[in-house]
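Participant: The structure's right below; bear with me while I get my questions together.
The values are calculated or read from the model by the stated rules, or taken from the named source; none is laboratory data. Everything numeric in this text was worked out from a predicted model, so none of it was measured. Because the Cβ atoms are built from the backbone with ideal geometry, glycine has one as well, and the counts that use them run over all protein chains shown. Ligands, DNA and RNA are excluded from the accessible area calculation, which covers all protein heavy atoms including side chains. Shrake-Rupley method; radii C 1.70, N 1.55, O 1.52, S 1.80 Å.
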Amino acid sequence: MEKVIEFIIRVCGISAVIFVFAIFGFVFWEGRELLISGEFNFWKFLFTKEWYPASESNPRFGVLALIAGTASVTVLAMAIAVPFGLGAAIYISEFCGSRLREALKVIIELLAAIPSVVWGFIGLTIMNELIMKLFGAPIGLTVLNGAIILALMSVPIIVSISEDALKAVPDSYREAAIGLGVTRWQMVYKVLLPSAKNGLLAAVLLGIGRAVGETMAVLMATGHAVHIPFDGTPPFFHPLDSVRTLTATIAAELGETARGSEHYQVLFVVGILLFSITFAVNLTADLVVKGIRDK
Amino acid sequence: MSEKAESLCVTIRDFSLWYGDFQALQNVSLDIRDGIITSLIGPSGCGKTTLLRSLNRVNERYGNVTTSGDIHILGKNILDADVSLPELRKSVGIVFQRPNPLPISIYENIVFGLRIHSERRALGKSQLDEAVETALREVRLWDDLKDKLKERATSLQLEQQQKLCIARLLPLKPKVILMDEPCSALDVDGTRAVEELMAGMAGEYTILIVTHNMAQARRVSQECIFMLLGEIVEHDRTEQIFISPKNQKTIEYIEGRYG
Ligand SMILES: Nc1ncnc2c1ncn2[C@@H]1O[C@H](COP(=O)(O)OP(=O)(O)OP(=O)(O)O)[C@@H](O)[C@H]1O
Ligand SMILES: [Mg+2]
């Protein structure tokens, strides 16, 4: 009996690993013909911006604009979410009373429970109008819109992991600093942030992972235009442009392609690219978190 | 009378303290003389730590604390609403039960107090270096540590850590130093070293030490306070307390009948 249970538990543990490899294998397999055929130019794939996958006469598969879309939305989202998330975590763990703390944690968990399509819906309607009104933009489905939505979606992750990191700072450090007469603000930047920095960095990285991988909400909120929101004229970055992300492209196009066609396979290569990005981000986060434990 | 008042450092009048509904200190009144070591003894849970921490108000970090009464330190009521806590803690330093250096270098631990209490521009490197050397010499760590000031303070031996925790108070020139069982995490040698250090510091600083170890109270302190259930039972010269205590409860405690 003991043996059986042990076996089952082991299978459960191993299956997680198997699934990850299986998924990677599947994605790779579906894109394999294109990848190994001499025609596919990886360089051109990454660094050209013409994405005309369905063109009859001259299909072109350059994902530069899609990468720029993902990058711009993610970076702007983090610019919003990181200060808010860290601020909220510091407030929750250090400054508020225990009752308010519990209330805020529940609210933030609720935020995490909102399905992404609902966020997308908010982006499509409320945010869309708001951005048109506030900025006089012709359309509100933009980098800014997607970034705000993504920021709201990644704040819960950032807050909860940062809060854990702050909680892990030994109380004796706080007492030492209080005993020497730190103000609250000095406590935060002289003791808490340096002591918890690895955990906070991990929180930010996981937030980035969340933002890069998010699909439905950005698909609905960013306007779905293959376009690079950067150019040579100031301010160089145009948050009121519409863009399209890597994830949104796969979600929108995969259903319309014939299985095994070139377009279909390219989308899987895009999947591999995405997988590699999020894998790298999460791995870094993991290593950073490990770094905390070893100290 | 006026002569006596001059030599007092801390005067506590009718001080009571509650954690929520629980009264941990009851109408404490005390006069603590300037420049000597006073020990605070009593059974576990009688409020020694609470009283000690009230003197620089580090207790207030537990949000549920309320107080009544007066505590005057160097002529100022530290419970007044307009008292600056950083300033108070600068002149009333505290050493904790477990050594708790910050996880930064030895050097940075010692200048931490200076850094948080001064403008960045006001501190020159030579001034900081000098403060570090003076403080480490005063706690007799300079010869051991002068070549590894950049190392992490948390990697030192416990005894050195505790001495460092005393040293980091000194650049702020405190008047009073509170010590909560400073030797309870140390071995015999460490305890002796810290006691010698305290003896050397008395005079310049007014030291208040909580201890469970009655032999230690006898060795280091000139005056001794015995507490029970949040009240002061007896406060006298140390030899008086140990040789001919006045209160029956003190006698019982010293004879080891409880605690
Ligand atoms: N933060 C707190 N919240 C509520 N009650 C507390 C708190 N700190 C201490 N107490 C209570 O107050 C009383 C006095 O505690 P205190 O720590 O001052 O005792 P002590 O004399 O230092 O004991 P010990 O010798 O064990 O260190 C105890 O009954 C304790 O349970
Ligand atoms: Mg105690």
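Participant: How do the pairs read when you match residues in the range B:166-188 that are on the phi > 0 side of the Ramachandran plot with residues anywhere that are open to solvent by 10 Å² or more (accessible area, probe 1.4 Å) and within 16 Å of ligand 1 (Cβ to nearest atom), using Cβ under 6 Å and keeping only pairs 6 or more apart or on different chains?
Facilitator: These pairs meet every condition: B:Glu181/B:Gln97.
One line per residue, one yes/no per condition, for (1) surrounded by fewer than 19 Cβ atoms within 10 Å (Cβ to Cβ); (2) within 25 Å of B:Gly75 (Cβ to Cβ); (3) modelled with pLDDT under 90:
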position	(1), (2), (3)
B:Asp129	yes, no, no
B:Gln162	no, no, no
B:Leu178	no, yes, no
B:Val188	yes, no, no
B:Glu196	yes, no, no
B:Ala199	yes, no, no
B:Tyr205	no, yes, no
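Participant: Which condition breaks for A:Trp51 when tested against (1) open to solvent by less than 50 Å² (accessible area, probe 1.4 Å); (2) at pLDDT below 90; (3) not aliphatic (A, V, I, L, M)?
Facilitator: That leaves (2) as the condition not met.
Participant: Against the condition within 16 Å of the chain's Cα centre (by Cα) and either more than 14 Å from chain A (Cβ to nearest Cβ) or within 16 Å of ligand 1 (Cβ to nearest atom) (or both), how does B:Leu208 come out, does it pass?
Facilitator: In short, yes.
Participant: In the range B:51-61, which residue that is free of Cβ contacts under 8 Å to residues at least 60 places away in the same chain and within 14 Å of ligand 2 (Cβ to nearest atom) is farthest from the other protein chains (Cβ to nearest Cβ)?
Facilitator: B:Ser54
Participant: I would also like to ask the following. Here is a list: A:Val281, A:Val270. Which entry is outside any loop (DSSP other than H, G, I, E, B), under 21 Å from A:Ile80 (Cα atoms) and of a type outside the set (Lys, Arg)?
Facilitator: A:Val281
Participant: Same structure again: Wholly within the range B:139-233, which helices (runs of 4 or more DSSP H) include no fewer than the required count, namely at least 2 residues that are within 16 Å of ligand 2 (Cβ to nearest atom)?
Facilitator: B:214-220
Participant: Continuing with this model, one more query. Inside the range B:62-80, can you point out the residues that are away from ligand 2 (no atom under 16 Å from the Cβ) and within 12 Å of chain A (Cβ to nearest Cβ)?
Facilitator: B:Gly63, B:Asn64
Participant: B:Gln23 versus (1) in contact with a Gly (Cβ under 8 Å, 6 or more places away or on another chain); (2) within 16 Å of ligand 2 (Cβ to nearest atom): which is the lone unmet condition?
Facilitator: (2)
Participant: I'd like to verify a number: residues in the range A:217-264 that are assigned to a loop (DSSP other than H, G, I, E, B) and under 21 Å from A:Asn145 (Cβ atoms), how many?
Facilitator: Within the range A:217-264, residues that are assigned to a loop (DSSP other than H, G, I, E, B) and under 21 Å from A:Asn145 (Cβ atoms) number 17.
Participant: A follow-up question, please. Within the range B:33-46, restricting attention to residues that are assigned to a loop (DSSP other than H, G, I, E, B) and either open to solvent by less than 10 Å² (accessible area, probe 1.4 Å) or on the phi < 0 side of the Ramachandran plot (or both), which residue is farthest from ligand 2 (Cβ to nearest atom)?
Facilitator: B:Asp34
Participant: From (1) open to solvent by 20 Å² or more (accessible area, probe 1.4 Å); (2) out of contact with any Lys or Arg (no Cβ under 9 Å at 6 or more places or on another chain), pick out the condition that doesn't hold for A:Ala252.
Facilitator: (2)
Participant: Follow-up question, since we're still on this one. Would you be able to say whether some residue in the range B:89-96 is facing another protein chain (nearest Cβ under 7 Å), buried (at least 17 other Cβ atoms within 10 Å of the Cβ), part of a loop (DSSP other than H, G, I, E, B) and within 16 Å of ligand 2 (Cβ to nearest atom)?
Facilitator: yes
Participant: Return the only residue of B:Gln216, B:Gln248 being more than 16 Å from ligand 1 (Cβ to nearest atom) and polar (S, T, N, Q).
Facilitator: Of B:Gln216, B:Gln248, the one residue that is more than 16 Å from ligand 1 (Cβ to nearest atom) and polar (S, T, N, Q) is B:Gln248.
Participant: For the range B:58-76, state whether one or more residues are within 16 Å of ligand 1 (Cβ to nearest atom) and closer than 21 Å to B:Ser184 by Cα.
Facilitator: Within the range B:58-76, one or more residues are within 16 Å of ligand 1 (Cβ to nearest atom) and closer than 21 Å to B:Ser184 by Cα.
Participant: Another question about this same structure. Note down all Cβ pairs under 6 Å where the first residue falls in the range B:22-46 and is more than 14 Å from every other protein chain (Cβ to nearest Cβ) and of a type in the set (Ser, Thr, Tyr), the second is part of a loop (DSSP other than H, G, I, E, B) and more than 11 Å from ligand 2 (Cβ to nearest atom), and they're at least six residues apart or on different chains.
Facilitator: Cβ pairs passing all conditions: B:Thr38/B:Ser221; B:Ser39/B:Ser221.
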